[in-house]
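Structure record follows, encoded as structure tokens.
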Amino acid sequence: MRSYKVNELKTFLRKEKTTVTHARGILVGCAEAGKTTLLKRLRGQSQNIGEVTESTRGLEVHQHVFIVKDGSLEVADDDSPLKTFIRINAADLKPNMSGAVDLSNPNENRDNSGLKSHYKERGETMLYSREEEKVELSSPPTKRKKEVSTVEIMASVLSSKEEKMVKDEIFQKILSEKENLPTVSMLDFAGQLAYYACHQIYVTPKAFFILVLDMTKKFEDVVDKEKDNQEGSIFSVWTYKDYLKFWITSIKTFGGTKAPLFIIVTHTEKTSTNEIEKYFEDFWNAVPDEDRVWLSESLNDRDYAVGLVELNDETKTKLESMKKSIVELFTDELNTKIEIPSSWALMEQLLYDGGWKVLSIAEIWRLNSSLPDECQFKSDEEMSKFLKCFHDNGILLYFQDEKLSEHAVLDIQWFAKAFSKIIADKNHINKDCKTRLIKDWKSFNKTGELKVKVVNALWRDEPLYLTHKSEIMSYMEKLQMLVPLESSGAVSEGDMSWYVPCMNKKQFLANFCEDKWECSSILCYHLTSFAMFVFYRLIAYCMGFLEWNVSTDEDHEGSLCLYQTAAVFDHKEHTVVVGICNDDIQLQVLRIRPLAIDREVSNEIGDSIQNAIKKLTETFISTNIFHKGFKCQNIICNEKDLSFTLESELSEIKAEETQCKCQLQRKHVINVQKTLGFWKKVITYE
């Protein structure tokens with residue numbers, strides 16, 4: 001092996017920048033469509049006798065599974081010691097004539113043995129071990145003590161006699177791959193709930209999408225609840241056509257209308273050419289009219305029908321064509337290059353080698369102090385730039401919010417798996433939740449109200465989740481996956497609970513407003529995409545950021561008024577209903593008679609909801625996120641109410657009353673000023 005000099009690399013890391021070229025492929029589609037098998041075949045893995053591919057749960061991240069070399073997509077070596085984001089091209093290093101020390105070591109051990117042996121000598125458990133290593137959790141220390149303990153251990157290790165060996169090993173690892181080649185990572189989303197939880201972490205305009213469809217399923221068929229839905233969920237009546245619209249909308253919303261797209265139709269074994277052509281005809285008929293043109297342009301003839309059971313010659317040819325198309329994306333359609341300081345490679349290598357799941361910023365500073373002076377971060381700003389860059393590229397999670405800025409989540413798949421364990425269906429929960437906690441889990445599975453003892457049970461088999469429960473929950477709260485139920489009166493860790501909106505299956509009765517209520521008009525935001533996911537996060541936002549109190553339902557033992565399609569809040573002596581019906585997020589303010597609705601309060605409520613929707617959709621790549629208007633009838637979340645009048649149209653009407661645009665049999669008169677007055681100051685016309 002060629003020898004490399006420390007000073008050559010140090011000089012390069014200190015002075016030069018490195019260009020990273022990396023693309024991310026997003027695999028989406030219903031369960032058992034063949035996403036995991038497709039990835040195996042792209043990697044050249046043939047079918048094993050009796051092969052059974054287990055359905056992906058949640059999200060699987062396959063980092064750097066391909067490299068682009070000499071214009072071809074090649075499978076990365078599974079035994080490669082380097083799976084990091086930043087790669088240094090050894091050819092860029094200039095010879096150093098100063099007589100630097102040779103670091104080449106034919107007996108080099110690449111498993112951080114120096115760090116591990118030091119722990120054994122001290123009789124301590126590695127707090128930052130990889131997930132498969134055992135971690136003591138008999139008596140978890142407080143957050144403050146845990147951080148100090150970890151920092152002290154790091155300080156001892158990095159100031160010991162092994163310090164030089166640890167540093168030298170890191171330099172050698174950075175140069176263990178001789179070429180800085182473009183890489184491709186693949187993400188396999190199991191279903192819509194995993195996508196709901198994690199898409200905002202990974203899905204960027206720099207990604208390409210692979211939509212996998214099973215041609216044995218008809219578009220009008222309802223998807224098997226055991227495969228992609230939880231029984232009783234909002235998705236339980238979705239057809240394959242509904243899912244097709246869902247995935248197409250997600251690509252357009254988060255990837256943009258220019259996001260490269262592949263359509264892979266699977267399970268084509270024993271089917272004729274005519275049957276395949278008929279399926280593609282049905283596919284294009286099922287695509288929403290407004291999406292057909294851009295979808296065709298995004299595909300750019302990247303549609304394939306393949307049988308994945310066996311790697312026959314025809315399948316191999318099509319897979320090679322797919323791989324060639326992926327390579328072309330690097331030069332033709334995706335902006336995959338990013339220029340960053342080369343010195344960041346040292347910190348990334350330290351983080352990668354440690355296998356940490358979560359670290360405090362203090363702990364990262366301790367690691368930083370072990371690096372050569374010229375390669376260290378010198379300020380909080382430099383550290384933040386490093387963490388933000390890696391966050392933006394889906395490598396880790398880091399937010400500069402006051403509540404979160406003390407820690408970084410270094411393993412996103414581990415984080416995503418934590419959430420997938422929480423939202424698991426009855427077939428994927430452990431024994432504790434099926435026996436001693438069965439009532440608590442069933443209650444959570446119906447209402448979305450999650451008790452800490454259920455969390456502890458669901459995470460029991462992976463103690464690192466329990467060690468970092470506080471940090472995990474804080475990040476899930478930030479991403480609006482869940483929200484603490486502070487109003488439930490929790491006074492100790494054992495009383496804590498959270499609300500997970502996507503798990504709520506309680507039905508909302510839209511006609512609860514009786515004659516005793518004065519009701520505002522229904523303000524309506526018609527979303528062009530992802531209304532349900534926005535609604536989930538909106539409820540979490542109202543509870544967490546806006547701090548609105550959830551009403552209680554005395555008819556059901558004082559349970560919270562949180563439902564599958566609505567939430568009821570108490571705010572400034574008014575009752576606020578936020579609901580969803582089809583693609584419309586609806587808002588109504590109520591008050592018990594004879595009290596009248598305070599227009600200033602309803603105005604403020606309307607502004608808060610609109611600002612929240614704008615914030616929650618700021619990552620949407622679209623200029624028209626929603627259309628604002630009103631529903632005619634006075635029952636919120638009424639599926640029979642198909643009316644919708646744009647606010648802009650109603651505001652232009654100078655008359656006090658006007659005729660609605662409802663269907664002929666339902667036409668009625670709208671009081672313009674009363675309808676608008678709950679949500680904005682109106683001018684009275686004489």
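The values are calculated or read from the model by the stated rules, or taken from the named source; none is laboratory data. Small disclaimer: the values here were computed from a predicted structure and weren't measured. Neighbour counts are summed over all protein chains in view; Cβ atoms, including those assigned to glycine, are modelled from backbone coordinates with ideal geometry. Keep in mind that these areas ignore ligands, DNA and RNA; they rest on the heavy atoms of the full protein, side chains included. Shrake-Rupley method; radii C 1.70, N 1.55, O 1.52, S 1.80 Å.
Observations on the structure shown:
- Cα gyration tensor, the range 335-460 - rounded (a/c under 1.5), prolate or oblate: prolate
- In this structure, Asp242 and Glu656 have a Cβ-Cβ separation that, at R0 = 41 Å, corresponds to a calculated FRET efficiency of about 0.45.
- Share of pairwise Cα separations in the range 532-686, more than 18 Å, in percent: 63
- Under 15 Å from the Lys426 label point (7 Å along Cα→beta-carbon), backbone N, the range 435-461: 435-447
- Shown in residue order for the range 664-681 are the 3J(HN,Hα) couplings computed by the Karplus curve 6.51 cos²θ - 1.76 cosθ + 1.60 at θ = phi - 60°: 3, 5, 10, 4, 7, 9, 9, 7, 4, 5, 5, 5, 6, x, 5, 10, 7, 6 Hz (x for Gly and Pro).
- One chain, two ends: Ser369 and Asn634. Fully extended at 0.36 nm per residue, the span grows by 89.0 nm beyond their Cα-Cα distance.
- Note on Tyr398: accessible area is roughly 20 Å² with a 1.4 Å probe, heavy atoms of protein only.
- When the surface is traced with a 1.4 Å probe over the full set of protein chains, Glu290 keeps roughly 130 Å² accessible.
- Cα→Cβ-extended label distance, 7 Å offset, between Arg593 and Ser559, nm: 3.0
- Shown here is the pair-distance distribution of the range 631-671: with all Cα-Cα distances grouped in 5 Å bins from zero up to the longest one, the shares run 5, 22, 31, 25, 13, 4, 0 percent.
- Accessible area ranking (1.4 Å probe, heavy atoms, ligands and nucleic acids excluded), largest first, for Asp440, Asp495: Asp495, Asp440.
- The phi torsions of the range 647-652, fed into the Karplus equation with coefficients 6.51, -1.76 and 1.60 and a -60° offset, translate into couplings of 4, 4, 5, 5, 5, 7 Hz, rounded to whole numbers, with Gly and Pro shown as x.
- On the principal axes of its alpha-carbon atoms, the range 608-686 has extents of 41, 33, 20 Å, going from largest to smallest.
- Within the assembled protein chains, the solvent-accessible surface assigned to Thr216 is about 90 Å², based on a 1.4 Å probe.
- Extension gain, Lys680 to Glu402, is 96.7 nm, computed as 0.36 nm per intervening residue step minus the present C-alpha separation.
- Extension gain for Lys439 to Phe545 (0.36 nm times residue separation, less C-alpha to C-alpha distance): 35.1 nm.
- Modelled spin-label separation between Thr273 and Thr619, with each label point placed 7 Å from Cα along the Cα-to-Cβ direction: 4.4 nm.
- Efficiency of FRET from Cβ geometry, Arg14 and Leu509, R₀ 56 Å, rounded to 0.05: 0.25
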